[in-house]
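A.B. asks: Sharing a structure below in structure tokens format, with a few things to ask.
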Amino acid sequence: MKVVSSEFLASYPSFDKCPEPKLPEYAFVGRSNVGKSSLINMLLDKKQLAKTSQTPGKTQLINHFLINGKWYLVDLPGYGYAKIAKTKRKDFQRLIKDYIEFRLNLVCLFVLVDSRHKPQNNDLLFMQWLGEKQVPFSIVFTKTDKLPKMKLAENIELYKTTMLDKWESLPEIFTTSSETKLGQEEILNYIEKLNRSVDF
Ligand code: GTP
Ligand code: MG
């Protein structure tokens, strides 16, 4: 799919303030600093449309981007960042969970995982919760430019076997780098396919 236009719409403090759920929507979620905002920029070929930072905790609201005038991409705050105040962390978690559970036009959630790390408990528990809530999701491995190919393959394999302890089948999996643009075409084509399969 070709992205011919992408624009930042606005930021919202909670799911019930988001635009009317009239267009298909895809959101990016994952631990702080995993590369959600960078991935959105990479997909859209824009440098800083979604604000990125080396400091975790940059994205603090629900950010909507309108693509080709027909569908939304959503940048969410990160979860599990230890250095922000506990109360604020809880607010974030509520915000993210409510958005995911109640946003009617959310077609697929992309769960981002840093490809350099072994499976982390909070990511696995989060996906478990998605399963319980029957939220369709895919896994996106990020920052693949930061490790050798062999190591990457090993980490992904370990991730799959760990998932299969709890899951009968695996979700769609993407490997990406916002530096090399690996995965750009695959994710955009996947969204295009889903856009065709939903009725809005
Ligand atoms: P929060 O908004 O704080 O939750 O973080 P985020 O998940 O949106 O991460 P963000 O996109 O801001 O990226 C965090 C840092 O990782 C930045 O310094 C990015 O440049 C870097 N980064 C993100 N993706 C990649 C990647 O694919 N490769 C490399 N080498 N660096 C990346
Ligand atoms: Mg961000």
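The values are calculated or read from the model by the stated rules, or taken from the named source; none is laboratory data. Because the structure is predicted, anything quoted here is derived from the model rather than measured. Cβ coordinates were reconstructed from backbone atoms using ideal geometry, including for glycine residues, and neighbour counts include every protein chain displayed.
A.B. asks: Kindly check whether there is at least one residue in region 94-110 that is farther than 20 Å from Phe15 by Cβ, of a type outside the set (Phe, Trp, Tyr) and in contact (Cβ under 8 Å) with a residue 60 or more places away in the chain.
C.D. replies: No, every residue in region 94-110 fails to be farther than 20 Å from Phe15 by Cβ, of a type outside the set (Phe, Trp, Tyr) and in contact (Cβ under 8 Å) with a residue 60 or more places away in the chain.
A.B. asks: May I pose another question? Which ones in region 30-46 are within 20 Å of Ile100 (Cα to Cα) and more than 10 Å from ligand 2 (Cβ to nearest atom)?
C.D. replies: Going through region 30-46, the residues within 20 Å of Ile100 (Cα to Cα) turn out to be 30-37, 39-40.
Matches in region 30-46: Arg31 only.
A.B. asks: Moving to a separate point now. Taking only pairs six or more apart or across chains, which ones have beta-carbon atoms under 7 Å, a first residue in region 136-150 that is closer than 10 Å to Val113 by Cα, and a second residue that is away from ligand 2 (no atom under 16 Å from the Cβ) and not in a strand (DSSP E or B)?
C.D. replies: From residues that are closer than 10 Å to Val113 by Cα, the pairs are Ile139/Pro171; Phe141/Ser115; Phe141/Ile156; Thr142/Ser115; Lys143/Ser115; Lys143/Arg116; Lys143/Ser177.
A.B. asks: Give the number of residues within region 48-70 that are modelled with pLDDT under 95, more than 10 Å from ligand 2 (Cβ to nearest atom) and over 13 Å from Phe8 (Cβ atoms).
C.D. replies: 2
A.B. asks: Give Gly30, Gly57 a once-over and let me know the one that is over 27 Å from Glu185 (Cβ atoms) and either near ligand 1 (Cβ under 8 Å from one of its atoms) or surrounded by fewer than 15 Cβ atoms within 10 Å (Cβ to Cβ) (or both). Give the derivation first.
C.D. replies: Details: Gly30 fails: over 27 Å from Glu185 (Cβ atoms).
Exactly one of Gly30, Gly57 is over 27 Å from Glu185 (Cβ atoms) and either near ligand 1 (Cβ under 8 Å from one of its atoms) or surrounded by fewer than 15 Cβ atoms within 10 Å (Cβ to Cβ) (or both), namely Gly57.
A.B. asks: Additional query: Among the strands (runs of 3 or more DSSP E) confined wholly to region 1-81, which include 2 or more residues that are more than 17 Å from Phe137 (Cα to Cα) and in contact (Cβ under 8 Å) with a residue 60 or more places away in the chain? Step through it out loud before you land on a result.
C.D. replies: Details: elements: 6-12, 25-30, 62-67, 71-75.
Per the criteria, 6-12, 62-67.
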